[in-house]
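The values are calculated or read from the model by the stated rules, or taken from the named source; none is laboratory data. Note that the structure is a prediction, hence the values are computed from the model and not measured. Neighbour counts run over all protein chains shown; Cβ positions are idealised from the backbone, glycine included. Just so you know, the surface numbers come from the protein's heavy atoms only, side chains and all, with ligands and any DNA or RNA stripped out. Shrake-Rupley method; radii C 1.70, N 1.55, O 1.52, S 1.80 Å.
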Amino acid sequence: KNPINDTEPLWLKNPSDCTDEEYASFYKKVFNDYREPLFHIHINADYPLNFKGILYFPARLNEYESYEGQVKLFYNQVFVADDIKEVIPDFLLMLKGVLDCPELPLNVSRSYLQDNAYVKKVSSHIVKKVADKICSLCNNDREKYEKIWSELKIFFEYASLRDKKFYDRVKKCYLLELTDGSFMTVEEYLKDCEEKHKGEVYYATDKALQAQYISMLEAEGTKVALLNHQLDTQFIGMCEMNEGEVKYKRIDSDISSLLKGEGEAVENEALVTLFKDATGDENLAVKFEVLKDATVPALLTLSEESRRMEDMMKMYASMGMDMGGAFPTEYTLVLNSASPLIKKLATINDTDMGKAKLIANEVYRLALISQRHMTAEELKAFLSDSFKILEML
């Protein structure tokens, strides 16, 4: 028996009379999908909209599986069309479900649907219902919400970027996944760090690559969020525009005041010259700080603005748009005045300049490793010099 032609289809029942099992089995039968959907929305809209339906947010095996939604349209339980994209905004096209719209004519055409006022209202009602469902899960079933967040996140960001009203409804439910695997809303995160860094969210984009920065901040009791998807940069940019008091900072964009130790940094022109000569980069920006962790001789920083611009350029390039030359990446090499190694480098005299250059270059490359992946040439030179340093034993 076709579940859609049941004497009383599930969507006509009162949501409070339907069990989770009924919703799940209806989904599996109608869409031949053996996986549990992430959640469902039962719509029972009264006059003037007057339509009913059940929509499901399907699960995906991985992020490369495409979202293929499917919404079946009915007119008073009479099947009209199998896949109606016009009734649902494009950022919700991954939804699967059934809609019963008795206000639409039975022999409905696509062009009729495209600029019909009733359809537009149905569409915005569906968007509102999806936003309400997200908020209800976040506020009333946090455990389930955190479980499905990794699958929901990209949709959440994309839909927010596409529709300001949707964003305004759901923004308080955006979860930050922290490097330790736990979750916090932005509000919870800011409350947690109020004493240490007011209004700033520290984030990493690569847990392995930026491990040193992460461990230094975590040692100061600061939590680090993980934002490692291409869409994250656009989303946080939009959040900053809309919520002016919140700033997102990648952990390596600057030396946080949390990491700075006591005392004045010692500027040393000879060291600046040494590092410029050793790296062969005349324009290398070098500055001195006192870091709490004396075991770290140097760190590389890249300003948030510069890095976001770089991300944008990469995105345009991946879409085949030539932005006319690469955007120059402006790293700053921060030398730690508290590091015994940096202090020692400052005392090496001219007779040992070859050794000093070798070590300065090694310090620079070690700082580079926790900023980005080396090119093949850089790695080759790094290994060759590392072996030379080991031979000095």
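Its Cα gyration tensor gives the stretch 234-322 an equivalent ellipsoid. The semi-axes, each the square root of 5 times an eigenvalue, are 31, 21, 9 Å from largest down. Centroid-to-centroid, using Cα positions, the stretch 36-110 and the stretch 189-218 are 41 Å apart. Accessible area ranking (1.4 Å probe, heavy atoms, ligands and nucleic acids excluded), largest first, for Asp168, Asp115: Asp115, Asp168. Isolated cysteines in the chain, defined as those with no second cysteine Cβ under 4.7 Å, comprise Cys18, Cys101, Cys135, Cys193, Cys239.
Around the amide H of Gly97, modelled in the peptide plane, lie the amide H atoms of Tyr56, Gln70, Val71, Lys72, all under 5 Å away and 5 or more residues distant in sequence or on another chain. Between beta-carbons, use under 13 Å as the cut-off and find the net charge around Ser386, counting Lys and Arg +1, Asp and Glu -1. Surrounding charge for Ser386 is -1. Over all other residues within a Cβ to Cβ distance under 14 Å of Tyr316, the charged ones net out to -1, with Lys and Arg as +1 and Asp and Glu as -1. Of Thr351, Thr332, the order by accessible heavy-atom surface (1.4 Å probe, DNA, RNA and ligands excluded), from most exposed downward, is Thr351, Thr332. With a sphere of radius 13 Å drawn around the Cβ of Ser109, what net charge do the other residues whose Cβ falls strictly inside it have (Lys, Arg +1; Asp, Glu -1)? Counting the neighbours of Ser109, the net charge comes to -1.
Among the listed values [x] 4, 21, 31, 29, 14, 2; [y] 4, 18, 23, 19, 14, 10, 7, 4, 1, 0; [z] 4, 15, 13, 11, 10, 9, 8, 8, 6, 6, 5, 3, 2, 1, 0, the one matching P(r) over Cα pairs in 10 Å bins from 0, in percent as calculated from this structure is [y].
Can you work out the FRET efficiency for the pair Asn76 and His229, with r the C-beta to C-beta distance and R0 = 56 Å, to the nearest 0.05?
The pair Asn76/His229 has a calculated efficiency of 0.85.
The loop-placed trypsin sites (Lys or Arg not before Pro) in the stretch 165-265, going by DSSP, that have at most 14 neighbouring Cβ atoms within 10 Å of their Cβ come out as Lys198, Lys207. Rounded, prolate or oblate: which one fits the stretch 156-247, using the alpha carbon gyration tensor with axes a ≥ b ≥ c (rounded when a/c is under 1.5, else prolate when a/b beats b/c, else oblate)? It comes out prolate by the Cα gyration axes. For the listed residue pairs Lys171/Lys314; Lys52/Lys121; Lys28/Lys171, the alpha carbons are over 25 angstrom apart in Lys171/Lys314; Lys28/Lys171. Tell me, what is the per residue accessible area of the stretch 181-262 in Å², probe radius 1.4 Å? Accessible area per residue: 46 Å². Here the simple spin-label model places points 7 Å from the Cα toward Cβ, and for Tyr47 and Ser257 these points are separated by 6.2 nm.
Distance from the Cα centre of the stretch 358-377 to that of the stretch 273-350, in angstrom? Measuring centre to centre over Cα atoms gives 10 Å. One chain, two ends: Tyr112 and Ala59. Fully extended at 0.36 nm per residue, the span grows by 15.9 nm beyond their Cα-Cα distance.
Partners of Lys355 within straight-line reach, counting aspartates and glutamates whose Cα lies under 14 Å from its Cα and excluding those fewer than 8 residues away in the same chain: Asp277, Asp385, Glu391. Surface composition of the chain: carbon plus sulfur atoms contribute 52% of the solvent-accessible area (1.4 Å probe, protein chains only, all chains present). Annotation: lysines with alpha-carbon distance below 18 angstrom to Lys260 (same-chain offsets under eight excluded): Lys196, Lys198, Lys223, Lys249, Lys287, Lys292, Lys343.
The Met241 and Thr351 beta-carbon pair, evaluated with R₀ = 56 Å, returns a calculated FRET efficiency of approximately 0.50. When each full DSSP H helix of the chain is screened for a Cα extent of at least 30 Å along its own axis and an average Kyte-Doolittle hydropathy of at least -0.5, the helices passing are 117-140. Of the GluC sites (Glu not before Pro) found in the stretch 251-313, those that fall in a DSSP loop while having at most 12 other beta-carbon atoms within 10 Å are Glu262, Glu264, Glu267, Glu282. Ignoring aspartates and glutamates fewer than eight residues from Lys164 along the same chain, the ones with Cα atoms less than 14 angstrom from its Cα are Glu240, Glu243.
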